[in-house]
1. Of the conditions (1) among the aromatic types (Phe, Trp, Tyr); (2) within 30 Å of Arg476 (Cβ to Cβ); (3) within 26 Å of the chain's Cα centre (by Cα), Tyr329 fails just one. Which one is it?
2. Would it be correct to say that Thr112 is buried (at least 17 other Cβ atoms within 10 Å of the Cβ), under 30 Å from Gln42 (Cβ atoms) and within 25 Å of the chain's Cα centre (by Cα)?
3. How do the helices (runs of 4 or more DSSP H) wholly within the range 289-363 filter down when requiring 1 or more residues that are closer than 24 Å to Leu167 by Cβ and in contact with a His (Cβ under 8 Å, 6 or more places away or on another chain): which remain?
4. Taking the range 264-273 as the region of interest, how many residues are buried (at least 16 other Cβ atoms within 10 Å of the Cβ) and in a helix (DSSP H, G or I)?
5. Do we have any residue at all in the range 402-411 that's in the same structural domain as Ala544 (by TED's automatic domain parsing), crowded, with 16+ Cβ neighbours inside 10 Å and farther than 30 Å from Leu587 by Cα?
6. Out of all the residues in the range 198-212, which are surrounded by fewer than 21 Cβ atoms within 10 Å (Cβ to Cβ) and either within 18 Å of Leu251 (Cβ to Cβ) or among the β-branched types (Val, Ile, Thr) (or both)?
7. Mind listing whichever residues of the range 98-109 are assigned to a helix (DSSP H, G or I) and under 19 Å from Leu60 (Cα atoms)?
8. Could you tell me which residue of the range 289-310 is nearest to Ser513 (Cα to Cα), considering only residues that are surrounded by fewer than 14 Cβ atoms within 10 Å (Cβ to Cβ) and not β-branched (Val, Ile, Thr)?
Amino acid sequence: MTGSAEPPRPRPLGRRDIASTFRAAVQYSRRGALDEAARLFQQILAVSRDHFESLCNLGLIRVQQQRFDEAVRLLRKAAYRQPNSVSAQGNLGNALAGCGRYEEALAHFRKTLALAPGLAEAHHNVATTLRILNRFAEAEPYFERTIELKPDYPDARKNYGAMLLYLNRSEEALAQLERAATLRPDAPDIQSLLGAALIACSRLDDAIAHCRKAVSLDPRSAEAHRNLGKAMLLSGAVEEGIVHLEKAVELRPDDAEARQNLIATYASLGRFTAMEPHVLKGLALDPGNTVFYLSLVDIKTLTPDDPHLAAMERLVADSSRLSDGNREYLHFALAKAHADMGNHGRSFDELLRGNALRRRRTAYDEAETVRSFQRIREVFTIDFMRHVRDAGASSDVPIFVVGMPRSGSTLIEQILASHPETHGGGELLAFETALLRLDPQRGFPEIVASAADAWLRALGEAYLSTVRPLAPTARRITDKNLLNFSYVGLIHLALPRAHIIHVRRDPLDTCLSCFAQPFSGNLPFTCDLAELGRYYRAYEAMMAHWRAVLPPGAMLEIDYEDVVADYEHEARRIVAYCGLDWNDACLEFHKTPRAVHTASFAQVRRPIYKGSVGRAEAYRERLAPLIAALEGTG
């Protein structure tokens, strides 16, 4: 019987063939043929199991293939063979980082740095690992040294920019990311991060352009779609923003930030039916991400037998596994749930716990805040206000709504935004941004003391150039950045025809509502009852000063309780003050289809109600530190 001969078996690799095989493996690796390169490196190690270069190269390939456990085994062996090898120590650090073993990775990156202190990549590896470990202050000098050693290092500038952005140092982040984008213009992750930094700096047109570029470079980047969606929302293109956020969630269902942005968008539009499935999906995917519970209790009143309440109670009983941020959100969610059920004592206990966590991570210089208000009063005297009157830009378009957070200001803006000739701008940063851009070196209020008429006019025009494009044909545009109350005098000088509405509410109700809200913005004074009360007193003194130095009619003051008691009368007074004819649409503010990005997003979707008046009475016995601070005795 005959048949074809068996193919010859490959000859076992001999020691004399190692050099040529190694060269071939390296060539495969350089061409990206990683599997073929790995096969040859494995052949070498079968003959010479301690072949250092093959251990290193095969370990690096396994890192690239994300086979991190195998990479650690190979590279640990290489580092043991040659402990002073920069590449072995560095790649072992990368393999350990890939496994999530960041403390071990950091130790090897530090060894690399000790061996090669002038190597930019070594500094960068230490910096990025410290950043992942949330040790930002330690990471920063390593980022700076990296860039000093290698200015044209796009990854270093990208990662440094990302950290600065996380720390809300937006302008610094922008500088790093712009340079990274110049060095590597076709990197979608850099374009996306640059877009996020531009969003933070309120440069929405530029942000949209870079986010669109990121999406075009990588249509399957969830981060790029998320940032583009956010930019579109802020620019007013709400429906397009939703499309991109939905795409981000589709591409990466576990992208909590994209899902939270989508939830917040549906909430701001009052689309609670569309919002709820995303809340529930977020909880199903990541029960420990307790921000989803905050959203849930905003749209649903829980009952004692609700399984979500039971889940929250289990989490809080064993909260050691949660991050401080998630524990904080959980306490606030439980506070809302128990308040809805009338369990005021338990609710307040949860508020105390949540705010204690917030205060621990919040930088707040109370003395400097009070001093800054005093300096403002010293500059804006009656004589000063008279001396520079009518020097600013002539426009009656802006309506500034100012006051304390949780004072009822969202309702006032919603009344105005319901008028067909008014655009509701929301909480804009435009005035402070215009002031900083006009003169970034000198501080407020000292800069104003020497201000010439031309400077005031330029400030007003800079503000208008940012706000006017939001609604080019609207007769009025509202700006509900409440903390503009400290700028009221300057607003009047820079925009003497602008309308300024000061919204007030009972101090106890206002402060309790602040204490019950885990604000995402820069409101550090809301975490402690005594600090909150003292801030309220400083705010009251500031508003009393503006009342004394502004000309009659320059500011309208509205009491929330009066609006609730006689809605139509107060609504007509507000509309008339803003120079608008009455329109009956203002009576049905809750039907106005606009995005409301404040904590009152649910309340303004309902007709006027009195449930928030006297809210603090149920907690009065627990509010002694706040009451003492409000009275000036604490």
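1. Checking Tyr329 against (1) among the aromatic types (Phe, Trp, Tyr); (2) within 30 Å of Arg476 (Cβ to Cβ); (3) within 26 Å of the chain's Cα centre (by Cα), the one that fails is (2).
2. Answer is no for this residue.
3. 344-360
4. 6
5. Taking every residue of the range 402-411 in turn, none turns out to be in the same structural domain as Ala544 (by TED's automatic domain parsing), crowded, with 16+ Cβ neighbours inside 10 Å and farther than 30 Å from Leu587 by Cα.
6. Listed by number, the list holds a single entry, Arg212.
7. Selection gives Gly98, Tyr102, Glu104, Ala105, Leu106, Ala107, His108, Phe109.
8. Pro304
The values are calculated or read from the model by the stated rules, or taken from the named source; none is laboratory data. As the structure is a computational prediction, the values presented were derived from the model and not from experiment. As a convention, Cβ positions derive from the backbone with ideal geometry for all residues, glycine included, and neighbour counts pool all protein chains shown.
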